[in-house]
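A.B. asks: Below is the structure I would like to discuss, written out as structure tokens.
The values are calculated or read from the model by the stated rules, or taken from the named source; none is laboratory data. Values in this document were obtained by computation on a predicted structure and should not be read as measured data. Cβ atoms come from the backbone with ideal geometry, glycine included; neighbour counts cover every protein chain shown. Keep in mind that these areas ignore ligands, DNA and RNA; they rest on the heavy atoms of the full protein, side chains included. Shrake-Rupley method; radii C 1.70, N 1.55, O 1.52, S 1.80 Å.
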Amino acid sequence: GAGVSQSPRYKVAKRGQDVALRCDPISGHVSLFWYQQALGQGPEFLTYFQNEAQLDKSGLPSDRFFAERPEGSVSTLKIQRTQQEDSAVYLCASSLNLALEKLFFGSGTQLSVL
Amino acid sequence: EDQVTQSPEALRLQEGESSSLNCSYTVSGLRGLFWYRQDPGKGPEFLFTLYSAGEEKEKERLKATLTKKESFLHITAPKPEDSATYLCAVHGSGNTGKLIFGQGTTLQVKP
């Protein structure tokens, strides 16, 4: 596919469970971003990779959130011991270079924590 | 702290009724202002990037303008397919890879 792919599309977790969300960026895109979007709100920045290097993780809400991109391609966002306030849509985006001129977003993973 | 506020929160238009969406921002050193469109259940889709006051960009029925404090997205003779949420975002000089998004304006165009 030509776009950013995210899986799963929907995830239901019981409070306290660990979850892993996957992002396949557009092939060749250097930069990868994770955003969190609550219902009715704009996306909020979580973290940013340039190739395999995590350059900014200032938006991660707590140490329960962890992201990696070990080979500079696929990325995984992991949330440990999920809480109800973690319920949101998690969006992944990629861009061709280091500039933020044009981000390509995936359709997101909708996480519901019960 | 960088901040983006969009108004109105929701807008209903009749097909062909032109209007404008507002994005007010405060940022330390604007590196870019962005407009995205988001359809329900989808991720945001890029529309425009503006870099400096006075700049304008157009695409079909949409035109984006920028001043030192705000940006407008003008919609001329909208069609029902223009119905979506429109998001504004800024990139400030203090942030490497971080965009600050507004809460969006949800536009509904009725036939």
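A.B. asks: Filter the stretch A:74-103 for residues that are open to solvent by 30 Å² or more (accessible area, probe 1.4 Å) and more than 13 Å from the chain's Cα centre (by Cα) and give the result.
C.D. replies: Matches in the stretch A:74-103: A:Q80, A:R81, A:Q83, A:Q84, A:E85, A:S87, A:L96, A:N97, A:L98, A:A99, A:E101, A:K102.
A.B. asks: Oh, and also: If you take the residues of the stretch A:9-28 that are more than 26 Å from A:Q84 (Cα to Cα) and within 13 Å of chain B (Cβ to nearest Cβ), which of them is farthest from the chain's Cα centre (by Cα)?
C.D. replies: Only one residue fits best here, namely A:I26.
A.B. asks: Determine if the stretch B:84-104 includes at least one residue that is touching a Pro at 6+ places or on another chain (Cβ under 6 Å), assigned to a strand (DSSP E or B) and crowded, with 17+ Cβ neighbours inside 10 Å. Full working, then the answer.
C.D. replies: Step one: list which residues in the stretch B:84-104 are touching a Pro at 6+ places or on another chain (Cβ under 6 Å), which gives B:87, B:101.
Imposing the further condition that a residue be assigned to a strand (DSSP E or B) reduces the set to B:87, B:101.
Checking which are crowded, with 17+ Cβ neighbours inside 10 Å leaves us with B:87, B:101.
Checking the stretch B:84-104: at least one residue is touching a Pro at 6+ places or on another chain (Cβ under 6 Å), assigned to a strand (DSSP E or B) and crowded, with 17+ Cβ neighbours inside 10 Å.
A.B. asks: Go through the stretch A:73-95 and give me each residue that's more than 12 Å from chain B (Cβ to nearest Cβ) and of a type outside the set (S, T, N, Q).
C.D. replies: A:V74, A:L77, A:K78, A:I79, A:R81, A:E85, A:D86, A:A88
A.B. asks: Let me ask you something else. Tell me whether the stretch A:34-45 contains one or more residues that are polar (S, T, N, Q) and assigned to a strand (DSSP E or B).
C.D. replies: Within the stretch A:34-45, one or more residues are polar (S, T, N, Q) and assigned to a strand (DSSP E or B).
A.B. asks: Take A:L55 and decide whether it is touching a strand residue (DSSP E or B) at 6+ places or on another chain (Cβ under 9 Å), of a type in the set (A, V, I, L, M) and at pLDDT below 95.
C.D. replies: Values: touching a strand residue (DSSP E or B) at 6+ places or on another chain (Cβ under 9 Å): yes; of a type in the set (A, V, I, L, M): yes; at pLDDT below 95: yes.
Criteria met by A:L55.
A.B. asks: Additional query: Could you run through the stretch B:12-71 and say how many residues are within 11 Å of chain A (Cβ to nearest Cβ), open to solvent by 60 Å² or more (accessible area, probe 1.4 Å), in a strand (DSSP E or B) and without any contact (Cβ under 8 Å) to a residue 24 or more places away in the chain?
C.D. replies: Count: 1.
A.B. asks: Quick one: would you say A:Y35 is surrounded by 20 or more Cβ atoms within 10 Å (Cβ to Cβ), within 14 Å of chain B (Cβ to nearest Cβ) and among the hydroxyl-bearing types (S, T, Y)?
C.D. replies: yes
A.B. asks: Could you please let me know if B:G29 is modelled with pLDDT of 95 or more and small (G, A, S)?
C.D. replies: Against the criterion (modelled with pLDDT of 95 or more and small (G, A, S)), B:G29 does not qualify.
A.B. asks: Report, by residue number, each residue of the stretch B:72-83 that is open to solvent by 10 Å² or more (accessible area, probe 1.4 Å) and part of a strand (DSSP E or B).
C.D. replies: Scanning the stretch B:72-83 gives B:F72, B:H74.
Yes or no, residue by residue, for (1) closer than 27 Å to B:K110 by Cα; (2) of a type in the set (A, V, I, L, M):
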{"position": "B:P8", "(1), (2)": "yes, no"}
{"position": "B:G32", "(1), (2)": "no, no"}
{"position": "B:R37", "(1), (2)": "yes, no"}
{"position": "B:G43", "(1), (2)": "yes, no"}
{"position": "B:L73", "(1), (2)": "yes, yes"}
{"position": "B:P80", "(1), (2)": "yes, no"}
{"position": "B:H91", "(1), (2)": "no, no"}
